[in-house]
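Remarks on the structure that follows.
The values are calculated or read from the model by the stated rules, or taken from the named source; none is laboratory data. A quick note: this is a predicted structure, and the numbers were derived from the prediction, not measured. Backbone-built Cβ (ideal geometry, glycine too); neighbour counts: all protein chains shown.
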Amino acid sequence: MNAEPLEPTEAFLVAAKEYGLVFDAGDLSRLGHYLSMLLEANTRFNLTAITDPNEAWRKHIFDSLTLLPLLASGEAGTVIDVGSGGGLPGIPLAITMPHVKFTLLESTRKKAEFLREVADALDLTNVDVVNERAETIGQDREQHREKYDVVLARAVGRMPVLLELAAPLAKIEGHILAIKGERVSEELTRAKPALHLLHCKPLGTVRTPTGTIVIIQKQRRTPKLYPRRPGEPRRVPLGLGKGGAKKK
């Protein structure tokens, strides 16, 4: 995959500066390389609905990097990107935070293979790709369950679903950072039963130029029942459907 790196747009550079983002030498080139690989691969199989490079710099790269100040302030050492898809937000963050270990979790084989190609092409030694479902690794006490400082979730689904997939992976007192839209207050209200069952507490939200980041802290160990079997969290979201509100 020899796609030419895309030059950052002026709008992206302005937005990044206004947001206080500072790039090290080579960061922008690698971000452009990644974006060109993403758009090229998207012509072969579905990775993103955004195909315009100018729009992609803002809605993909900048949107992902809005998480950077929160990760930096929390001094996160281990981060997992749940449902990484084409690598957002994990890849842009891994490029700009080489000292942090990122795990990209993706259940679709083709997408996971693409993520490995990107990590190899950009020499991202701080990236590990896991081709598995969140429900499965969430019960893996040896390698993944309660092993991560921060769990990232972007376009994962409704808040109760997102929480059941993400919370088991976070360390006690670790955090979940979810990029959501404008209806986040309504989502959090509907997620109260799930937050209670999973021992999680919302700490606040951060409005960004491209969305809203929800900050959630895991306060106690996740009950062993969660996550439930593959597919169950989406079929019967916690607190929103019959049989989804059990505690053990």
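Annotations for the structure displayed:
- Test result for LEU65, over 25 Å from LEU177 (Cβ atoms), crowded, with 20+ Cβ neighbours inside 10 Å and either in contact with a Leu (Cβ under 6 Å, 6 or more places away or on another chain) or in contact (Cβ under 8 Å) with a residue 24 or more places away in the chain (or both): no
- Flag if LYS111 is part of a helix (DSSP H, G or I), over 21 Å from ARG207 (Cα atoms) and out of contact with any helix residue (DSSP H, G or I) (no Cβ under 7 Å at 6 or more places or on another chain): yes
- The set of residues from the stretch 89-112 being touching a Lys or Arg at 6+ places or on another chain (Cβ under 6 Å) and over 20 Å from THR136 (Cβ atoms) comprises PRO89, ILE95.
- Residue that is farthest from LEU177 (Cα to Cα) [pool: residues in the stretch 43-62 that are without any contact (Cβ under 8 Å) to a residue 40 or more places away in the chain and of a type in the set (D, E, K, R)]: ARG44
- Of residues in the stretch 12-35 being free of Cβ contacts under 8 Å to residues at least 40 places away in the same chain and crowded, with 18+ Cβ neighbours inside 10 Å, the one nearest to GLY85 (Cα to Cα): LEU35
- LYS111 meets each of the listed conditions (1) crowded, with 17+ Cβ neighbours inside 10 Å; (2) touching a residue at least 60 places away in the same chain (Cβ under 8 Å); (3) under 18 Å from LEU31 (Cβ atoms) apart from (3).
- The stretch 136-170: number of residues that are outside any loop (DSSP other than H, G, I, E, B), crowded, with 16+ Cβ neighbours inside 10 Å and of a type outside the set (A, V, I, L, M, F, W, C): 6
- Whether a residue is touching a residue at least 40 places away in the same chain (Cβ under 8 Å), out of contact with any Gly (no Cβ under 6 Å at 6 or more places or on another chain), closer than 29 Å to VAL161 by Cα and assigned to a loop (DSSP other than H, G, I, E, B) was assessed, and LEU71 does not pass this test.
- Among (1) surrounded by fewer than 14 Cβ atoms within 10 Å (Cβ to Cβ); (2) at positive phi, the one test that LEU225 misses: (2)
- Failed condition for PHE102, given (1) surrounded by 24 or more Cβ atoms within 10 Å (Cβ to Cβ); (2) not in a strand (DSSP E or B): (2)
- Test: PRO227 is over 19 Å from SER107 (Cβ atoms) and modelled with pLDDT of 95 or more: no
- Scope the stretch 153-170; condition of a type in the set (D, E, K, R) and in contact with a strand residue (DSSP E or B) (Cβ under 6 Å, 6 or more places away or on another chain); matching residues: ARG154
- One residue from GLY211, GLY174, GLY157, GLY204 being closer than 22 Å to TYR19 by Cβ and either in contact (Cβ under 8 Å) with a residue 24 or more places away in the chain or charged (D, E, K, R) (or both): GLY211
- Set LEU93, LEU35, LEU31: member being part of a helix (DSSP H, G or I), touching a strand residue (DSSP E or B) at 6+ places or on another chain (Cβ under 7 Å) and not basic (Lys, Arg): LEU93
- For ALA76: the one exception among (1) buried (at least 17 other Cβ atoms within 10 Å of the Cβ); (2) assigned to a helix (DSSP H, G or I); (3) in contact with a strand residue (DSSP E or B) (Cβ under 8 Å, 6 or more places away or on another chain): (2)
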